[in-house]
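Here is the structure we will look at, set down as structure tokens.
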Amino acid sequence: PWVYACLHKRKMAVIGRSWIVEPASDSRLDKKAADLVRAHLAALAFDSACYHLLDAILKGRSAGEIMWVRDGAELRPAEIRPRDGRRFTFADDYSLRLLTVASPLYGEAVPDMKFVVHRFGAKDGNPHGLGLGQKLWWPVFFKRQGLSFWLQFLDKFGAPTAVGKYQPGVDINQLEDALRRIAHDAGVALPDGAAVELLEATRSGTGTHEGLVRYMDEQIAAAILGEGGGKGSGGELASAAILRNELRLELVQADADLLTDTL
């Protein structure tokens, strides 16, 4: 949920910005082309399409299929449908290919102007991109492990371990049944000659499961939003808030610029 919240916050910061279409020049033809593009984008579920394309922030790349329709003398995009990026690969010339049953390894060529592919973190000529998922894997893994151990810890504190002691001749099966009922029943019947003790869970050391989980949340927020939890005086917190806001604006601008290049 924390990863989703941070990613959603980053995406919506871009979607919440207004978009514009500018003509390439002051010529009549370029202005007419800009009007045409502006009208077509306004007729699309454009924000929704951009939101799905921004999945590349996490996964490295995302793909959308453009559904073209004929409208009089024009061909216009009626919809951009999100597609799973794992269904695609790239040829040696970086052209997009669709993985199919007939060609599950190299894929098949796709029509021109049919798919839009958005990339994030691509470098060294890597057409697949490099998303934040690579950076988030370990913090998320450690947080899950910490939550698992935390639940076990709370279970130990909430329900002490029952220890049964019995003498020769006592039916051990009856004693075990009684021990299991202790966790749910207000009272239990024990075989004659058996006794029960409750072991309270104890702990030592300064580390806490909650501290681990919160620390991993800070690392996740730092990776996605460039921010983490901070402690300090009022002035320090105010300065940190200003820096976070400036960094947020920079991230929004960078994400928007990358998406603009793709579109």
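The values are calculated or read from the model by the stated rules, or taken from the named source; none is laboratory data. The model shown is predicted, which means the values in this text are computed figures rather than measured ones. Cβ placement follows ideal geometry from the backbone for every residue including glycine, while neighbour counts extend to all protein chains displayed. Calculation scope for accessible area: heavy atoms of the full protein, side chains included, ligands and nucleic acids excluded. Shrake-Rupley method; radii C 1.70, N 1.55, O 1.52, S 1.80 Å.
Cβ-Cβ contacts under 8 Å between residues 6 or more apart (or on different chains), taken from a first residue in region 22-50 that is open to solvent by 70 Å² or more (accessible area, probe 1.4 Å) and at pLDDT 95 or above to a second residue that is part of a loop (DSSP other than H, G, I, E, B) and not charged (D, E, K, R), are listed as LYS31/PRO23.
Could you look through region 114-141, keep only residues that are aromatic (Phe, Trp, Tyr) and open to solvent by less than 90 Å² (accessible area, probe 1.4 Å), and pick out the one that is farthest from GLY85 (Cα to Cα)? The qualifying residue farthest from GLY85 (Cα to Cα) is PHE141. If you go through region 51-74 and keep only what is in contact with an Asp or Glu (Cβ under 8 Å, 6 or more places away or on another chain) and either under 30 Å from VAL140 (Cα atoms) or open to solvent by 50 Å² or more (accessible area, probe 1.4 Å) (or both), you end up with LEU54, ILE57, SER62, ALA63.
Taken as a whole, the condition of being outside any loop (DSSP other than H, G, I, E, B), under 23 Å from ALA221 (Cβ atoms), of a type in the set (Val, Ile, Thr) and touching a residue at least 24 places away in the same chain (Cβ under 8 Å) does not apply to VAL116.
Of all residues in region 218-231, those that are acidic (Asp, Glu) have Cβ atoms under 6 Å from Cβ atoms of residues that are surrounded by 19 or more Cβ atoms within 10 Å (Cβ to Cβ) and modelled with pLDDT of 90 or more, 6 or more apart or on another chain, in GLU227/ALA221. Scanning region 87-106 for residues that are closer than 24 Å to LEU258 by Cβ and either open to solvent by 70 Å² or more (accessible area, probe 1.4 Å) or of a type in the set (D, E, K, R) (or both) yields ARG87, ASP93, TYR94, ARG97. Looking at region 142-197, which of its residues are polar (S, T, N, Q), open to solvent by less than 70 Å² (accessible area, probe 1.4 Å) and at pLDDT 75 or above? Correct list: SER148 only. Looking at region 75-86, is at least one residue part of a loop (DSSP other than H, G, I, E, B), aliphatic (A, V, I, L, M) and open to solvent by less than 70 Å² (accessible area, probe 1.4 Å)? Checked against the condition, which is being part of a loop (DSSP other than H, G, I, E, B), aliphatic (A, V, I, L, M) and open to solvent by less than 70 Å² (accessible area, probe 1.4 Å), region 75-86 yields no hits at all. The residues listed here are ALA63, ALA73, ALA78, ALA102; of these, the one that is modelled with pLDDT under 90 and of a type in the set (A, V, I, L, M) is ALA73.
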